[in-house]
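The values are calculated or read from the model by the stated rules, or taken from the named source; none is laboratory data. Predicted model, so just to flag it, every value in this text is computed and none were measured. A quick note on method: Cβ atoms are made from the backbone with ideal geometry, for glycine too, and the neighbour counts reach across all protein chains shown. When the accessible area is computed, the model is the full protein with side chains, heavy atoms only, and any ligands, DNA or RNA have been set aside. Shrake-Rupley method; radii C 1.70, N 1.55, O 1.52, S 1.80 Å.
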Amino acid sequence: MYSVILGKNPQLSRAEFNAFGKRFGLKIRTLEEGNSWIVFESSPTVERYFRWLGGSLKLVKILGEGMETLNDLEYSKLFTVSIYGRSSWKLWKRLGTEIKRKFKEEGPAKFFKPANPFSMPAELILKGFPEVKDFVFIFRSDGSFLVGETLKVADPFELKKLDVERPVQRPILSIPPRLARIMVNLTEIRRGVFLDPFCGIGTLVNEMVLQGLTVYGSDREEERIKEAKKNLNWLRKEFKIKNSATLTVCDARKLRGCFRTRFDAIVTEPYMGKPLKEFPSRYEAVRLINQLDRFYHSVFESFTDVLKRKGRVVFVFPAFRLRDGRIHRKNRGWLETLGFEIKGRYLDYEKRHRLIRDIHVIEYK
C-alpha cells in the first residue's frame with residue numbers, strides 16, 4: 001500500500017495521478033483520499049515511474065496504522081517527520097521524540113525541523129535523502145492515522161535545470177517544466193506519436209523527448225524553431241539522450257500541409273494573447289476570449305486533419321481573473337461540433353495571475 005502526496009494544485013495533481021496510473025498500466029486502486037494525499041494499492045512499478053509525475057511531491061510506502069507502527073520503522077541516524085491532515089509543531093515534536101526514543105537502542109538519532117510540519121523534496125535531498133529518512137503521518141478527520149516512509153521524491157533541482165539552465169529561456173511566455181510533465185501524463189498515452197504545434201522554445205518537446213516518445217514540434221515563427229533546436233541539443237547532451245524530435249516551421253492552422261503522419265496526441269499551449277497590465281472587467285475578458293477563439297477554432301479544424309481517431313488533445317485555453325476577483329472561463333460548444341469531446345478541465349494559476357491556464361483534456365471522436 002502506498003500514498004502519494006499532492007502538490008500545490010491538488011485538483012490538477014489528482015487528475016494527473018489518475019491519468020498517470022492508466023498511462024503506465026499501474027493498476028492503481030484508490031483506497032482513501034484527503035486534501036493533499038491519496039492512499040492506494042498499485043503494482044510496485046509505481047516506484048520506478050514516479051519520477052514522471054509533475055504534480056506530486058512524494059511517494060510514500062504505508063507501513064501500518066497507529067502508534068504501534070513506530071516499532072517497525074527502520075533506524076536512521078538522521079530523520080525527519082512529515083505530518084499531513086494536521087498542522088501542529090507540538091504534534092510534530094512529540095512524534096519525532098517518540099521515534100528517537102525507539103531508535104535509542106540501535107544508536108544515536110537526531111531529527112531535523114523542516115520549514116513546515118512536513119518536509120519538502122528540496123529539503124530532503126539537501127539533507128541526504130534517501131539515507132536520511134522521512135517518516136510520514138497521514139491523519140484522517142477522525143484523528144486516526146497511517147504511518148509510512150517516503151520512498152521517492154520529486155526532484156525540484158532537475159525541473160529547475162530543465163527551466164533555467166537551457167540556453168534559450170522565455171520566463172513569462174513558456175510553461176514550467178512541471179506543467180509540461182503534467183500535461184503529457186494527462187494524455188494517458190504511454191507510447192505513440194506526439195505533436196506540439198505551438199512549440200515555442202521547446203519546453204513540451206523536451207519533456208516528451210526526455211520520456212522517450214516520438215515527438216514532432218512546430219511553430220509558425222522560424223526564430224522559435226531555431227531556439228527550440230538549441231534547447232533540444234542542450235537536453236540531449238546534458239541528459240545523454242539518443243532520441244530526438246522533428247522540428248519544423250508550420251502554421252498550426254495548416255498542419256496537413258506540414259505533416260504526413262497522424263498523431264496519437266497533441267499537447268500544447270497556444271498563443272493566448274498579449275500580457276495584461278491589469279485585471280480585466282468581465283466585458284474585456286469576454287472580448288479577449290472571443291477574439292482568440294476564432295483563431296482556436298481554425299486550429300482545431302486543422303487538428304482533425306492530423307489526429308488519429310480517439311486521439312487525445314491536451315490544450316491550454318485562456319481564462320481570466322476579473323477585477324472583482326472572480327474567474328471567467330468559457331464553455332466551447334464548437335469543440336463538439338468539430339468532433340471533439342471534453343474529458344476534463346483543470347485550472348492552473350496563482351492568485352497574482354491575471355491570465356489563467358484552463359487546461360482541457362479532449363478526445364477526437
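Observations, loosely collected:
- Subset of segment 334-353 [assigned to a loop (DSSP other than H, G, I, E, B), closer than 22 Å to Phe295 by Cβ and at pLDDT below 95]: Tyr349, His353
- On inspection, Asp305 passes the criterion of being of a type outside the set (Gly, Ala, Ser), over 22 Å from Arg166 (Cβ atoms) and open to solvent by 30 Å² or more (accessible area, probe 1.4 Å).
- Considering each residue of segment 47-67 in turn, none proves to be among the polar types (S, T, N, Q) and either part of a loop (DSSP other than H, G, I, E, B) or open to solvent by 20 Å² or more (accessible area, probe 1.4 Å) (or both).
- Selection status of Glu188, surrounded by 18 or more Cβ atoms within 10 Å (Cβ to Cβ), assigned to a loop (DSSP other than H, G, I, E, B), modelled with pLDDT of 95 or more and out of contact with any strand residue (DSSP E or B) (no Cβ under 6 Å at 6 or more places or on another chain): yes
- Residues in segment 233-244 that are in a helix (DSSP H, G or I) and in contact with a Lys or Arg (Cβ under 9 Å, 6 or more places away or on another chain) were compared, and the one that is surrounded by the most Cβ atoms within 10 Å (Cβ to Cβ) is Leu235.
- Every residue from segment 309-337 that is over 14 Å from Phe198 (Cβ atoms), open to solvent by less than 80 Å² (accessible area, probe 1.4 Å) and in contact (Cβ under 8 Å) with a residue 24 or more places away in the chain: Gly311, Arg312, Ala319, Phe320, Arg321, Leu322, Ile327, His328, Lys330, Arg332, Trp334, Leu335
- Filtered by the rule that a residue be acidic (Asp, Glu), more than 25 Å from Glu222 (Cα to Cα) and open to solvent by 50 Å² or more (accessible area, probe 1.4 Å), segment 148-185 gives a lone residue, Asp155.
- Contact annotation: residue pairs with Cβ atoms under 6 Å, 6 or more positions apart or on different chains, pairing a residue in segment 36-50 that is within 16 Å of Glu149 (Cα to Cα) and touching a residue at least 40 places away in the same chain (Cβ under 8 Å) with a partner that is open to solvent by 30 Å² or more (accessible area, probe 1.4 Å) and of a type in the set (Lys, Arg), are Glu41/Arg29; Phe50/Lys152.
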